[in-house]
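Chemist: Got a structure for you, written out below as structure tokens; questions coming shortly.
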Amino acid sequence: MSDSEMKVVEEEKDEPMDAPEGEQTEAQTGETGSSDSDSMDESDEDEDDDDGEALMIKQYVEQLAKIDEDKFNYDNYVQLLEIAHKMTDLDKIRQSAEIFAEAYPLSPEIWLRWLKIEVAIGNSPDELRQVDRLFRRALGDYYSVEVAQEYANLAAKADAELADTIWDALIPAYGLHVTKGRTIFEAYREDHLAKNGDGPEQLNRLARIYEQELKIPLRNMEDSHIEYKLLCEKHKAVLVDLNPEKFERRYRQAKDLLQKMMPYENRLAALEPHCHQERADLYREYIRECRSQLEDDDLQVLYERSCTDCCLDPTVWTDYLKYLDKYPPDPDETEASPVFAQSVLDVVNRALRNCPWSAELYVEKMRICEREKRGKADILKIMEEVATVEFQAPEPAVKVWLEYLTYLRRHADFENEKEREILRSNFELAWNQLGRTWGELADPECKILQFWGRLEYGALKDPLKGRDLWQSVMDSSDNSTRVGLWIEYAELEATRGLDAVRKLYRKAIGSIALNDPETLAAAWMRFERVNGSLEQLTTCQELCVAKVQEFYKSLGNQKPPKGRRSDPKKDADQSDSPKKKPIKRTHDEHEFKKPAIPSLPRQKPEPTLEENTKRIRLEEEPTPAKPEIDPTKDVKRVFISNLSFDATEDQIRACFPELNFKSIELVQSSSGKSRGFGYAELNHEADVQKALTLDRRPLNGRPVFISSLARDKAARPNKFKYSERFEPNKLFVKGLPFEATPDDIRKLFEPHGKLKDVRVVYYRSGKSKGLAYVEYESEAAAKSAVVHMDQYCMDGFTISVDLSAPPPRGNPTATTTGGGAPDAEAGGSSLGGGKRHVVKGDVKQKLSTLIPTALLRKTTVSTPAGQVPTGSATPSAKPKSNEDFRKMLLK
């Protein structure tokens with residue numbers, strides 16, 4: 001019975017029955033006036049209901065019009081479904097849900113709201129089977145135990161045949177859910193007993209259900225184990241085929257696996273709904289750590305759960321697809337459960353319904369179709385789907401087009417002229433369509449034209465067309481500055497002859513703003529050494545030398561970067577010649593090592609007249625006199641260091657407006673340039689302490705170090721600026737993005753409590769180390785931040801958060817882990833101890849290089865059996881001090 005029919009029945013019950021003729025009482029006659037007024041009130045209410053219903057219908061129609069205008073607006077579909085539910089019209093609910101499902105998969109919550117209505121009104125076998133089909137559609141959209149539990153309620157209403165079909169779909173997939181699977185088995189047992197009674201056959205079937213459940217790691221499985229034991233004890237006379245030893249072994253294995261899985265389940269349950277990236281990463285860790293002990297079905301259920309909880313993350317779907325590609329479902333095995341019955345192509349279609357903007361998923365779909373040996377028509381349909389997607393940037397569209405063109409290249413018959421032309425027309429279509437959609441932003445690197453050009457030089461056999469395409473590539477955007485493209489272009493041009501390559505190299509070396517002219521020069525030089533004449537090699541060398549000199553001159557450097565390979569010929573010449581004092585050179589001159597051409601040994605050229613003039617001028621310039629320093633003013637002075645070389649006195653004053661500077665003296669080199677440090681005198685002695693509190697304030701991107709100017713080192717304050725003790729209200733954060741500012745970190749940690757201070761740790765150059773200290777006003781806030789923010793993803797960086805526990809200063813053997821807690825396993829050493837992380841640019845020599853070779857050999861001399869060699873480290877051996885090593889070196 002529909003809602004409208006129920007309403008009519010209720011109205012009929014409320015109407016008074018007609019009295020027999022001639023028997024109307026006075027009361028009835030006297031109530032005529034009041035009944036007339038009541039009927040008027042009822043008619044007014046009916047009119048209000050009609051107006052409200054008309055208004056809802058109008059809103060419903062308007063919402064349909066909005067969907068027609070914008071079919072990709074998810075909120076429009078949600079609003080349409082909400083209006084339909086308010087109308088309490090089942091037909092409208094069904095219609096709106098179907099319209100919604102055509103565009104997007106329905107969430108488990110939306111399915112549940114609809115399915116509960118269908119289960120409530122479904123009574124006949126046909127109606128229940130229609131509801132069963134709806135449930136299977138719902139379970140095909142997402143893996144949801146809540147929907148499965150409602151499906152189990154349908155099994156209770158259904159006949160035995162339909163109920164068995166329902167349980168065959170639910171138990172294999174939803175009975176594997178670690179925290180909720182037991183509720184599915186409980187419903188199964190109750191339905192089995194309700195429909196079949198408790199005869200011997202039914203009791204044996206019940207025992208098999210318990211055994212099936214107890215070999216799966218499920219939360220609270222101990223309760224089911226007790227129930228099973230009681231069942232076996234009570235009905236041991238009728239139960240057959242029991243194998244207690246095998247059962248207990250499987251139960252213990254499941255129990256042990258549950259202990260490993262429950263920490264991940266608890267962490268997943270503790271995550272906030274908005275922590276999408278953390279949830280995806282936690283599922284990956286969960287699968288990675290438990291993969292070796294889980295069955296294939298258990299793993300697939302975990303992947304399904306991750307896709308449901310992180311349905312808008314394309315990388316989660318990609319992980320699932322890679323798993324199915326490695327362990328594909330058996331096509332010959334029929335599965336009753338929708339989870340295991342789906343193919344890899346079904347999963348990628350589900351993924352694209354959730355993430356239609358993901359180019360990676362379209363690429364995966366093409367590759368899946370190709371692996372399944374589907375025809376070109378199926379791949380073309382995928383490209384038609386892509387044409388309906390509105391990408392937010394050109395890069396995804398370029399990626400999909402490249403994959404499609406690559407597919408066509410793999411399946412083209414290059415001996416067939418028609419197929420070659422079809423391939424060319426697709427390249428042209430891709431390039432033109434991207435240009436119409438994105439204009440100049442479309443494929444600025446010209447990846448499609450590069451691909452097309454390579455094929456023209458090769459399989460398509462039209463080098464002239466390839467040259468035209470590559471010329472378009474080099475003329476586009478800043479490609480002419482990319483040396484790698486020029487070299488590849490030259491290698492392709494080799495199919496047209498040596499002159500074409502030589503002409504191209506000459507054009508390339510003349511390009512403006514090359515990113516690496518040395519590499520291009522080396523490539524051209526190699527080509528000419530192999531293929532060119534002496535004149536061609538000499539011309540190449542002259543052009544290359546001039547270009548590289550121009551490049552370094554534009555950088556303002558005298559020499560090529562550190563790490564360049566030296567010229568062995570030149571090195572040999574310099575080692576043979578007597579050492580001379582180098583002539584000072586100004587910054588206008590640049591050195592460049594010419595590639596060696598076999599010739600007579602070269603003599604070092606005499607300095608030119610211009611060089612001699614500059615040298616004499618520099619020698620005649622008076623050396624700046626060192627400023628006279630009055631030691632009595634040290635109490636008002638501070639030492640300023642780590643300044644950039646172009647920092648001025650005015651900039652320093654502007655950086656520290658709180659301080660009253662009397663004078664600032666920047667120390668300069670003999671050439672008059674700043675050396676990056678200096679002295680500042682303040683008006684009052686009290687201002688010195690104030691200045692020390694402003695230590696490490698940034699200036700021109702570098703932290704300025706401010707320290708005391710006590711001449712006696714013993715009198716200098718060596719106290720560390722920050723606390724060296726465990727601070728329960730301060731956090732140590734590492735793994736931060738290097739561009740993160742204190743304000744960014746403050747915004748991230750403020751939701752967990754009131755902050756007292758945020759400090760980012762910087763290198764001397766001003767670049768962040770990716771570390772920070774976050775201090776809260778309360779310990780509770782700090783602990784809450786550790787729980788919620790540890791392993792949080794900030795701009796693609798996974799940060800680690802721990803309470804600050806710095807190691808004692810002066811203890812070189814202490815290493816820190818996490819938030820700074822000393823590592824108990826760190827071993828000490830008399831020469832520094834602990835782990836020492838060597839960074840690039842570290843020029844400190846290892847101690848072993850300072851020990852004489854003869855002394856080193858003594859440590860390796862064999863010793864009699866049973867004795868410990870002198871040089872070996874034993875737990876009881878006393879470590880040598882620096883003084884011991886000094887005495888050894890002086891022997």
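Chemist: Could you tell me which numbered condition Glu417 fails, if it satisfies all but one of (1) open to solvent by less than 40 Å² (accessible area, probe 1.4 Å); (2) over 15 Å from Gln450 (Cα atoms); (3) not small (Gly, Ala, Ser)?
Modeler: Every listed condition holds for Glu417 apart from (1).
Chemist: Name the residues in the range 466-499 that are part of a loop (DSSP other than H, G, I, E, B) and either over 23 Å from Met525 (Cβ atoms) or in contact with a strand residue (DSSP E or B) (Cβ under 7 Å, 6 or more places away or on another chain) (or both), would you? Don't jump to the end; show me each part of the working.
Modeler: To start, the set of residues in the range 466-499 that are part of a loop (DSSP other than H, G, I, E, B) comprises 476-478, 482, 497.
Correct list: Ser476, Ser477, Asp478.
Chemist: Which residues, taken from the range 286-308, are within 25 Å of His274 (Cα to Cα) and either in contact (Cβ under 8 Å) with a residue 40 or more places away in the chain or among the hydroxyl-bearing types (Ser, Thr, Tyr) (or both)?
Modeler: Scanning the range 286-308 gives Tyr286, Gln300, Val301, Tyr303, Glu304, Arg305, Ser306, Cys307, Thr308.
Chemist: Within the range 283-299, count every residue that is part of a loop (DSSP other than H, G, I, E, B) and open to solvent by less than 50 Å² (accessible area, probe 1.4 Å). Give the steps one after another, and end with the answer.
Modeler: Taking the range 283-299 and keeping what is part of a loop (DSSP other than H, G, I, E, B), we get 294-295.
From what's left, open to solvent by less than 50 Å² (accessible area, probe 1.4 Å): 294.
Within the range 283-299, residues that are part of a loop (DSSP other than H, G, I, E, B) and open to solvent by less than 50 Å² (accessible area, probe 1.4 Å) number 1.
Let's see how each residue does on (1) open to solvent by 20 Å² or more (accessible area, probe 1.4 Å); (2) within 38 Å of the chain's Cα centre (by Cα); (3) of a type in the set (Asp, Glu):
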position: Glu150; (1), (2), (3): yes, yes, yes
position: Ala156; (1), (2), (3): yes, no, no
position: Arg189; (1), (2), (3): no, no, no
position: Lys195; (1), (2), (3): yes, no, no
position: Ala207; (1), (2), (3): no, no, no
position: His235; (1), (2), (3): yes, no, no
position: Leu242; (1), (2), (3): yes, no, no
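Chemist: Within the group Pro561, Pro582, Pro578, which residue is closer than 20 Å to Val483 by Cα and modelled with pLDDT under 95?
Modeler: Details: Pro582 fails: closer than 20 Å to Val483 by Cα; Pro578 fails: closer than 20 Å to Val483 by Cα.
That would be Pro561, the only listed residue that is closer than 20 Å to Val483 by Cα and modelled with pLDDT under 95.
Chemist: In the range 455-465, what residues are among the acidic types (Asp, Glu) and outside any helix (DSSP H, G or I)?
Modeler: Correct list: Asp462 only.
Chemist: Arg526 passes all but one of (1) farther than 30 Å from Gly439 by Cα; (2) open to solvent by less than 50 Å² (accessible area, probe 1.4 Å); which number fails?
Modeler: Result: Arg526 passes all but (2).
Chemist: Evaluate the following for Ala336: is it assigned to a loop (DSSP other than H, G, I, E, B) and either hydrophobic (A, V, I, L, M, F, W, C) or closer than 28 Å to Asn73 by Cα (or both)? Give the derivation first.
Modeler: Numbers: assigned to a loop (DSSP other than H, G, I, E, B): yes; either hydrophobic (A, V, I, L, M, F, W, C) or closer than 28 Å to Asn73 by Cα (or both): yes.
Judged against the criteria, Ala336 is a match.
Chemist: Next question. Any residue in the range 336-353 that's farther than 15 Å from Lys365 by Cα: show its pairings with residues that are open to solvent by less than 20 Å² (accessible area, probe 1.4 Å) and small (Gly, Ala, Ser) at Cβ separation under 8 Å, as long as the two are six or more apart or on different chains.
Modeler: Listed by first residue and then by second, the contacts come to Ala336/Ala169; Ser337/Ala169; Ser337/Ala173; Pro338/Ala169; Pro338/Ala173; Val339/Ala173; Phe340/Ala173.
Chemist: A further question on this structure: Identify the residue in the range 300-331 that is over 17 Å from the mean Cα position of the chain (by Cα), of a type outside the set (Ser, Thr, Tyr) and surrounded by fewer than 17 Cβ atoms within 10 Å (Cβ to Cβ) and, among all such residues, is farthest from Leu258 (Cα to Cα).
Modeler: Pro331
Chemist: Taking the conditions exactly as written (farther than 21 Å from Leu321 by Cα and surrounded by 20 or more Cβ atoms within 10 Å (Cβ to Cβ)), does Phe391 satisfy them or not?
Modeler: The answer is no for Phe391.
Chemist: What number of residues within the range 345-365 satisfy the criterion of being open to solvent by 20 Å² or more (accessible area, probe 1.4 Å) and assigned to a helix (DSSP H, G or I)?
Modeler: Filtering the range 345-365 down to residues open to solvent by 20 Å² or more (accessible area, probe 1.4 Å) leaves 345-346, 349-350, 353, 356-357, 360, 364.
Adding the requirement that they be assigned to a helix (DSSP H, G or I) leaves 345-346, 349-350, 353, 360, 364.
Qualifying residue count for the region: 7.
Chemist: Looking only at the range 86-98, count every residue that is free of Cβ contacts under 8 Å to residues at least 60 places away in the same chain, crowded, with 16+ Cβ neighbours inside 10 Å and assigned to a helix (DSSP H, G or I) and tell me the total.
Modeler: Looking only at that region, the number is 5.
Chemist: I've got another one for you. Any residue at all in the range 710-720 that is open to solvent by less than 30 Å² (accessible area, probe 1.4 Å) and either in a loop (DSSP other than H, G, I, E, B) or at pLDDT below 90 (or both)?
Modeler: Here is the first cut: in the range 710-720, the residues open to solvent by less than 30 Å² (accessible area, probe 1.4 Å) are 710.
This time we only want the ones that are either in a loop (DSSP other than H, G, I, E, B) or at pLDDT below 90 (or both), so: 710.
Yes, the range 710-720 contains at least one residue that is open to solvent by less than 30 Å² (accessible area, probe 1.4 Å) and either in a loop (DSSP other than H, G, I, E, B) or at pLDDT below 90 (or both).
Chemist: Go over the candidates Ala494, Ala500, Ala459 one by one and state the one that is surrounded by fewer than 17 Cβ atoms within 10 Å (Cβ to Cβ), in contact (Cβ under 8 Å) with a residue 40 or more places away in the chain and more than 27 Å from Gln549 (Cβ to Cβ). Don't jump to the end; show me each part of the working.
Modeler: Values: Ala494 fails: in contact (Cβ under 8 Å) with a residue 40 or more places away in the chain; Ala500 fails: in contact (Cβ under 8 Å) with a residue 40 or more places away in the chain.
Criteria check complete, one pass: Ala459.
This table checks each residue for (1) over 20 Å from Leu170 (Cα atoms); (2) open to solvent by 70 Å² or more (accessible area, probe 1.4 Å); (3) hydroxyl-bearing (Ser, Thr, Tyr); (4) over 51 Å from the mean Cα position of the chain (by Cα).
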site	(1), (2), (3), (4)
Thr183	no, no, yes, no
Glu186	no, no, no, no
His192	no, no, no, no
Leu203	yes, no, no, yes
Gln212	no, no, no, no
Pro217	no, no, no, no
Met221	no, no, no, no
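The values are calculated or read from the model by the stated rules, or taken from the named source; none is laboratory data. Quick caveat: nothing in here was measured; it's all calculated off a predicted structure. Cβ: placed from backbone, ideal geometry, glycine included. Neighbour counts: every protein chain shown. Ligands, DNA and RNA are excluded from the accessible area calculation, which covers all protein heavy atoms including side chains. Shrake-Rupley method; radii C 1.70, N 1.55, O 1.52, S 1.80 Å.
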